[in-house]
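Where a number appears in this text, it was derived from the coordinates with a stated rule and is not lab data. What you are looking at is a predicted structure, and each value in this text was computed from that prediction instead of being measured. With ideal geometry, Cβ positions are generated from the backbone for all residues, glycine too; neighbour counts draw on all protein chains shown.
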Amino acid sequence: MAEAIVPVKRPRTWLFVLGGLVLLVVIAAMAALLLVHNKQLANFETYSYPGLQEDDDPTQPRPPMAPAPAAASANSGKRVFTALDLFTANLAERDNDRFAQVGIVIEVGDAKAGAALNAVVPPIRSDILLLLSSKTADELLSLKGKQALATQVVDIARKYIAPEFRSNVYAAHFSSFVIQ
């Protein structure tokens, strides 16, 4: 009778070790590329956003932020965007109960103008809320109405900011605009 030949099983631990090393090298290479790419993006930035931070809790009120002195020298000559907290106001509708929820970002010339704007945020917010509550949904739904609102917001910001920075308030941008 012929005996069956059983193949000898060799330990394959070296195969798992080699696969693990290859995987480790691939992960390290991807991490290095990601770090280099992020550093290139950081050098590419031309604007700063002192009012927007990822770790902010939107349910908690934020105190007005002033740029750090080191940031002020780094941002000289760059436009600064200061985000105001979200505005929610009832609209001036006679037949319906409608409201607007608007996010506004104000563009100023530099970090010093941004700090001056942050110092007067409460009266600016108050006037913007009064302005929103005087508008109807029809006025705000049209493009011309939104452009007029942005112009009026710039006028309000210029009204309250220190006189030497009034010409540095360039524009108001909408980060969100909801009417219900």
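What order do you get for 112-118, 144-150, 124-130, 174-180 when each peptide is scored by the mean count of other beta carbon atoms within 10 Å, highest first?
Details: 112-118: 23.0, 144-150: 14.3, 124-130: 16.1, 174-180: 12.4.
Going from most to least packed, we get 112-118, 124-130, 144-150, 174-180.
Once you put a point 7 Å from the Cα of Y170 and another 7 Å from the Cα of D155, both along the Cβ direction, what distance in nm separates them?
Once both label points are built, they end up 2.2 nm from each other.
Please label the shape of the range 73-123 as rounded, prolate or oblate, based on the square roots a ≥ b ≥ c of the eigenvalues of the alpha-carbon gyration tensor (a/c under 1.5 means rounded; beyond that, a/b larger than b/c means prolate, else oblate).
Values: a/c = 4.81, a/b = 3.24, b/c = 1.48.
Prolate.
For the ranges 157-168, 94-105, what's the packing order if you count other beta-carbon atoms within 10 Å of each residue, average per peptide, and put the highest first? Don't jump to the answer; show the numbers that get you there.
Values: 157-168: 16.1, 94-105: 14.0.
Peptide ranking by packing, descending: 157-168, 94-105.
Starting from the amide H of K135, placed 1.01 Å from N in the peptide plane, find each other amide H under 5 Å away whose residue is 5 or more places distant or on another chain.
A92
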